[in-house]
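Have a look at the structure below before the remarks.
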Amino acid sequence: MRAIYSVGLEGSQGHIVTIEARIREEKENLVIVGLPDAILKESRERVSSALNALSLNLSSTKVTIQLFPSDRQKQGTGFDLAMALAVIDRMKKRPLRIGKETCVLASINLYGDLMPFHGLLPCINQARKLGFTRILVPAGPNYALLPKDDIELVELETISQTLQYLEGQPIMRLTETEPLPEMTEDETHSVDFSAIRGHSEAKKVLEIAAAGGHHVLFTGPPGCGKTMLADAFHTILPDLTDQEVLDVHNTYLLAKHHRPISKRPPYRHPHHSASAMSLIGGGTYPKPGEISLADRGVLFLDELGEFSRKTLDMLRQPMESGEVEISRVKQAVRYPASFILISATNPCPCGYHGSRQRYCSCSANQVRNYQLKASGPLNDRLDFIMGLKSTGIQEEAPGEDSKTIRDRTTGARIIQHERYNGRYLNGNAPSKLVLENCRATETQLDTINQACFDNKWSNRTQLKLIRIARTISDLEGLAHLSDRAIAFAIHYRTLMPVATDSNVAEEGGEVEV
C-alpha cells in the first residue's frame, strides 16, 4: 500500500506522519484515525468537499484514513492535502508518482484550493531536518527566509495543480510571490550606552555578559540606573545569523506572536505579575512562554523580588540546558530557551536598605525575606550579582556608544563559534567543552581552586569563574587565559551581595528571631 508523508509538530520538534487510506463499499462515511485532535477531525468535511469538487464520487463508500504513528497526538490542519492525496491514490487506477523523499504540507478549503496553516514554516524547517528533499506547500506565503540549497520547495495553488505536477506536467503560477519584508532594526528598547552616565563597572559587566552569554542581576535603590542599563543591554548584542533569524521567527509563529523579521535579538520584558505558565510556557495545548520568546536574546526581569519564588525557581533548569520541557498528561513538548537573563531588584520592599540617601523603613525580617525571594540555587546560576549606587549626571563624561561595544562582542562571539563549532557560547557550553578549550595553566587553575576554597564557593562557581575569564580573554583577542581575566572574575565574585542575618544586622537594626 502506497503512503503519503507529512510532518507533525510536538512543541518545536517535528516527527514524520505516514498517511494511508483504504476505500470499501459500505455506507458513505469518512473516518480519520490515529489520535486526531478536534480541529483535525473537521478535516474530513474539507477533504470530502474538495474531492467532490474534483468530480470524484465517494457515494456508497467508506473511506478510512490512518495517521501513523497511531499513539502520538496529531494537531492542526496541515495534513489536509496529504489525506486527500492518499484517498485519490486509492481511487485512481494509476498510483501517484510520489516517493519517500516527498513531504506534503498544506491545508485545503472546500473547493480544493491549497491554504497555509498555523505552524507552516516550523513544519517546513523540521521536514528539512528529517531528511525530506522535496516539499509540496501552498503558494502565497513568503518562503524567502528558508535556505533552499538542500530542498526543492514546490509551491502549488490547488489540488488539481498538485495532481498535474505529480503526473509530470509543467505548472504555472497564477499569483505573484510576495517580496520578503526588509530586515528591520528593533528600536522598541534602544537606550544607547553613550546616554548612560557613570556605572563604568556595570557597563563592563554587561559587555562581558553580551559576549559570552552570561546572566546578570543588578541590585540597588530606586532610580540608580538598573532598568536603563538593562534596556541598553539589548543594543550591544551581536546580530543574529540567518539560521537564528529563522529559528526565532518559527518560535514566534508557534506562539502566535507578531515580531518583524529582524536580525536583532529578541528582547522580552514581562511584568512581575506574570504567571508561571506565561513565563515558562504551557497550557492545555502547550505554547511557548516568555523564556522561549527570548531565545537567542534577552529576558529582562525587573523587580525580581516581586516575582513569586516558585516562578523564579522554574528558571533554573532552562538556564542550564537552554531549552524547556513542558510535560502534560497527553504529551511532553520542548521549546528552545537559550536566553541571557538580566534581572534587577531593590534590596528591600521600600528600596532603600543600605542607601546613604534615605532611611530604610523595613524590618530585618522583611529585608531578609525580600532578598531571599531568589533562591540560593538560582543565585548560584547567575554569573554576576552587582550592587549599584546612584550617580550624579555629571560624574563621568559620556562613554562609548552601543555600536562600538557591539563590534567587540561580535568579534568575541566569532572566536567562540569557531571554538564550539557554532553551537555554544562560553556561558552555556557543556562543562567538559569549557574545560577542554579554556587553555588555562595549572597555576591559574590552582588560583581559582584556592579562591573557591577560601570563599566556600561551589563547584559550579569554579566553572563560572573559568567561563567568565575565558570570555574576557576572548574580548581581548587572547588565545590563552590571562591572569588579569582570572583576577577580574574572582574580584567580582567576591563583591556579590549575599542575604544573611549578619549583613542585614550591619546595614540596619536588629535581627529578629
To the nearest 20 debye, what is the magnitude of the charge dipole of the chain about its Cα centre, counting +1 on the Cβ of each Lys and Arg and -1 on the Cβ of each Asp and Glu? 1500
Given the peptides 253-266, 340-353, arrange them by the average over their residues of other C-beta atoms within 10 Å, most packed first. 340-353, 253-266
Could you tell me the ratio Rg/Rh of segment 346-456? Both radii from Cα atoms, Rh via Kirkwood. 1.07
Compute the distance in nm between two label points, each set 7 Å from the Cα along the Cα-to-Cβ direction, one at residue 55 and one at residue 431. 7.1
Report the per residue volume, in Å³, of the convex hull enclosing the C-alpha atoms of segment 193-494. 145
Given charges at beta-carbon only (K, R positive; D, E negative), |dipole| of segment 193-314 in Debye: 140
Give the dimensionless ratio obtained when the Cα radius of gyration of segment 100-153 is divided by 2.2 N^0.38 Å. 1.11
Where a Cα-Cα gap under 22 Å defines reach, which lysines qualify for residue 93, not counting those fewer than 8 residues away within the same chain? 62
What is the extension gain from residue 195 to residue 134, computed as 0.36 nm multiplied by their sequence separation minus the C-alpha to C-alpha distance, in nm to one decimal? 16.9 nm
Tell me which of 414, 331, 486 sits at the most positive position along the dipole axis of segment 193-494, charges placed on C-beta atoms (Lys, Arg +1; Asp, Glu -1). 331
In deg cm²/dmol, rounded to the nearest 500, the helical mean residue ellipticity at 222 nm of the chain, built from -39500 (n - 2.57) for every DSSP H run of length 4 or more, is -10500 deg cm²/dmol
For residue 404, put the label point 7 Å out on the Cα→Cβ axis and report which residues of segment 221-264 keep their amide N under 15 Å from it. 236
In debye to the nearest 20, the charge dipole size for segment 193-494, taken about the Cα centre with +1 at each Lys and Arg Cβ and -1 at each Asp and Glu Cβ, equals 720
Where does each of 298-304, 402-408 land if you order them by average Cβ count within 10 Å, highest first? 298-304, 402-408
Hey, which of these cross-link pairs are over 22 Å Cα-Cα: 27/330; 27/92; 129/330; 204/226? 27/330; 129/330
Sparse-neighbourhood loop hits (GluC sites (Glu not before Pro), segment 369-452; DSSP loop; Cβ within 10 Å at most 11 others) -> 395
Want the number for residue 458 to residue 239: 0.36 nm per residue separation, take away the alpha-carbon distance, what's left? 75.4 nm
Yeah, segment 240-349 with a ≥ b ≥ c from its alpha-carbon gyration tensor (a/c under 1.5 is rounded, else prolate when a/b outruns b/c, oblate otherwise) is oblate
Please give the contour-minus-distance gain from residue 358 to residue 71: 0.36 nm per residue of separation, less the Cα-Cα distance, rounded to one decimal in nm. 97.0 nm
Just want the answer: with Cβ charges of +1 for Lys and Arg and -1 for Asp and Glu, which residue in 223, 29, 347 is farthest toward the dipole's positive end in the chain? 29
State whether segment 33-124 is rounded, prolate or oblate according to the following rule on the C-alpha gyration tensor (a ≥ b ≥ c being the square roots of its eigenvalues): a/c under 1.5 gives rounded; otherwise a/b larger than b/c gives prolate, and the remaining case gives oblate. rounded
Based on the Cβ-Cβ distance of residue 449 and residue 39, what FRET efficiency does E = 1/(1 + (r/R0)^6) give at R0 = 51 Å, to the nearest 0.05? 0.35
Whole-Hz couplings from phi, Karplus 6.51/-1.76/1.60, listed for segment 203-211; x for Gly and Pro: 5, 5, 4, 5, 5, 5, 4, 5, 6
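Every number in this text was worked out from the coordinates using simple rules, so none of it is lab data. In this text, all values refer to a predicted model and were calculated from it rather than measured experimentally. Every residue, glycine as well, gets a Cβ built from its backbone with ideal geometry; the counts of neighbours run over all protein chains shown.
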